[in-house]
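Taking it in order: structure first as structure tokens, then the write-up.
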Amino acid sequence: MFGLTFGLIVIAIVLIIAIIDAAPVFGDWFGRIHIGRFSDQRVWGTAVTETGVKWLTRTPKIKLTDNTRLIVLDMLRGNYTRPAIQHWQEASLLLGFHSYLSNNSDPKAEAAVNALISSKFNGAGQWNHPPQQVDGAILAYGVMKHSAGQREAHKAAMDQMWELIQEHIGEDGTVQYRKSMKDYRYVDTIGFICPFLVVYGLQYEKPECIQLAVRQILEFERFGMLQGTSLPCHAYSTATKYPLGLYGWGRGLGWYAIGLIDAWRELPDSHEYKKPLEEAVVRFARSALAVQGEQGQWNWTVTRPESRADSSATAMLAWFMLNASQIEEISRECLAAADSAILYLMKVTRRNGAVDFSQGDTKDIGVYSVLFNILPFTQGFCIRLANSKE
């Protein structure tokens, strides 16, 4: 009797593990049936926005690893996801819905946004779970966009984010991605911190924050770009000035693009740093335009036409191009690139409105995910694109 019971327990456990592994595979297969059937940009915008509303209240978890077997072991080890990864997923959705709600009245979406923001703070405006890494600055930026008329609403939390960034400033005067890698400057950091620093600096009259954002961008442009171009590498060493990782990593271009363009957009025209950033926008735009794919996409390695397209890089760079088109000397090319990228994104959108085929989370410098799937971060930027009149 005991042996039979034990056997049944083992079979049940094996079945549960198999179901946990099989469920995502089946979900992807089923979700991709009739993918890319959108032909009207307005209909597509409505679909991606409706899916985004659902994800505001239940944001999909993004995996740390590329494991597709025995996923339960990653879950048990606490190695399935991390708060830092979820921060930039939620941030992008908040940014997307800032664009949407700036142009539309939607009580359901507004309630979902408020619920997400409220879940992050206590009654005193402090973080319930303070971010431990600078990745959290992009979430703080998303919150500030929704709290523009409420100067003191979350000031304590924003001050805490600024303090965390200051703790990561290295000897060269720029911000470390992690304290454990004090000599490395990642391109990701530009997207995470620079727009927040500009908005925070303007709102609370802290010019040193804006100076830090501009320094972070221009120092990376100085040491982190492929010679003769504005194509960034993954990171560079402040000690040796050697490049680290891949030149032309698609999402790396995206991180640089959104950090640069949103920092530039947030500055008033009369600000002393508006022109230097605008010049950087023009330089980067010319390099990014040269590596856009024939179908409007940017690949996960933009310098290799045969590499796989990455929806996250495409959405980020489309946002950059759409806003860079405000600059007269590159307006026509950038607007055409943005339009072409949006058409590509429509082709990789599932029938339920989820944008597919974004590269998974990066493991380390030079170690990139081989999985391509949905990503709330991409969804948020597609919502920004579909509702771009901020």
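The values are calculated or read from the model by the stated rules, or taken from the named source; none is laboratory data. The model shown is predicted, which means the values in this text are computed figures rather than measured ones. Neighbour counts run over all protein chains shown; Cβ positions are idealised from the backbone, glycine included. Side chains included, ligands, DNA and RNA excluded: accessible areas come from the protein's heavy atoms. Shrake-Rupley method; radii C 1.70, N 1.55, O 1.52, S 1.80 Å.
Structure notes:
- Annotation note: Cβ proximity below 7 Å between a residue of the stretch 158-176 that is in contact (Cβ under 8 Å) with a residue 60 or more places away in the chain and a residue that is among the hydroxyl-bearing types (Ser, Thr, Tyr) and surrounded by fewer than 22 Cβ atoms within 10 Å (Cβ to Cβ) (sequence gap 6+ or interchain) occurs for GLY170/THR238; ASP172/THR238.
- The stretch 303-322, residues that are open to solvent by 10 Å² or more (accessible area, probe 1.4 Å), closer than 27 Å to GLY245 by Cβ and touching a residue at least 60 places away in the same chain (Cβ under 8 Å): THR303, ARG308
- Restricting the stretch 369-390 to residues that are modelled with pLDDT under 95, farther than 15 Å from ALA313 by Cα and not hydroxyl-bearing (Ser, Thr, Tyr) leaves a set whose member that is least open to solvent (accessible area, probe 1.4 Å) is ASN387.
- Condition check for GLU90: among the acidic types (Asp, Glu) and surrounded by 14 or more Cβ atoms within 10 Å (Cβ to Cβ): yes
- When restricted to residues that are of a type in the set (Gly, Ala, Ser) and modelled with pLDDT under 95, the stretch 120-153 contains 7.
- The set of residues in the stretch 177-189 being open to solvent by 20 Å² or more (accessible area, probe 1.4 Å) and not aliphatic (A, V, I, L, M) consists of TYR177, ARG178, LYS179, SER180, LYS182, ASP183, TYR184.
- Residue in the stretch 214-269 that is surrounded by the most Cβ atoms within 10 Å (Cβ to Cβ), counting only those that are closer than 23 Å to LYS182 by Cα and among the basic types (Lys, Arg): ARG251
- Restricting the first member to the stretch 270-288 and to residues that are in contact (Cβ under 8 Å) with a residue 12 or more places away in the chain, and the second to residues that are buried (at least 16 other Cβ atoms within 10 Å of the Cβ) and of a type in the set (Gly, Ala, Ser), the beta-carbon pairs closer than 6 Å and six or more apart or on different chains are VAL281/ALA324; ARG283/SER230; PHE284/SER230; ALA285/ALA324; SER287/SER230.
- Filtering the stretch 204-228 to residues that are not acidic (Asp, Glu) and not in a helix (DSSP H, G or I) leaves TYR204, LYS206, GLY224, MET225, LEU226, GLN227, GLY228.
- Looking only at residues of the stretch 324-368 that are open to solvent by 10 Å² or more (accessible area, probe 1.4 Å), of a type in the set (S, T, N, Q) and in contact (Cβ under 8 Å) with a residue 24 or more places away in the chain, we find that the one that is nearest to ILE383 (Cα to Cα) is ASN352.
- When the criteria are applied in full, SER102 fails the requirement of being open to solvent by less than 10 Å² (accessible area, probe 1.4 Å) and either in contact with a helix residue (DSSP H, G or I) (Cβ under 7 Å, 6 or more places away or on another chain) or not hydrophobic (A, V, I, L, M, F, W, C) (or both).
- Residues (touching a Cys at 6+ places or on another chain (Cβ under 7 Å), among the small types (Gly, Ala, Ser) and not in a helix (DSSP H, G or I)) located in the stretch 323-364: SER325
- The criterion of being surrounded by 15 or more Cβ atoms within 10 Å (Cβ to Cβ), at pLDDT 95 or above and more than 26 Å from CYS209 (Cβ to Cβ) holds for TRP55.
- The residues on offer are GLU294, GLU306, GLU279, and the sole one that is in a helix (DSSP H, G or I), modelled with pLDDT of 95 or more, more than 17 Å from the chain's Cα centre (by Cα) and acidic (Asp, Glu) is GLU279.
One line per residue, one yes/no per condition, for (1) outside any helix (DSSP H, G or I); (2) in contact with a strand residue (DSSP E or B) (Cβ under 7 Å, 6 or more places away or on another chain); (3) among the small types (Gly, Ala, Ser); (4) open to solvent by 10 Å² or more (accessible area, probe 1.4 Å):
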| position | (1), (2), (3), (4) |
| --- | --- |
| ALA137 | no, no, yes, no |
| ILE165 | no, yes, no, no |
| GLY191 | no, no, yes, no |
| LEU197 | no, no, no, no |
| LEU202 | no, no, no, yes |
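- Filtering the stretch 365-377 to residues that are in a loop (DSSP other than H, G, I, E, B), over 19 Å from GLU90 (Cβ atoms) and of a type outside the set (Ser, Thr, Tyr) leaves ILE365, GLY366, VAL370, LEU371.
- Where a residue in the stretch 30-44 is assigned to a helix (DSSP H, G or I) and its partner, wherever it lies, is open to solvent by 100 Å² or more (accessible area, probe 1.4 Å) and not small (Gly, Ala, Ser), with Cβ under 9 Å and at least six apart: GLY31/ARG351
- Scanning the stretch 270-284 for residues that are open to solvent by 10 Å² or more (accessible area, probe 1.4 Å) and out of contact with any Asp or Glu (no Cβ under 7 Å at 6 or more places or on another chain) gives SER270, HIS271, GLU272, TYR273, LYS274, LYS275, PRO276, GLU278, GLU279, ARG283.
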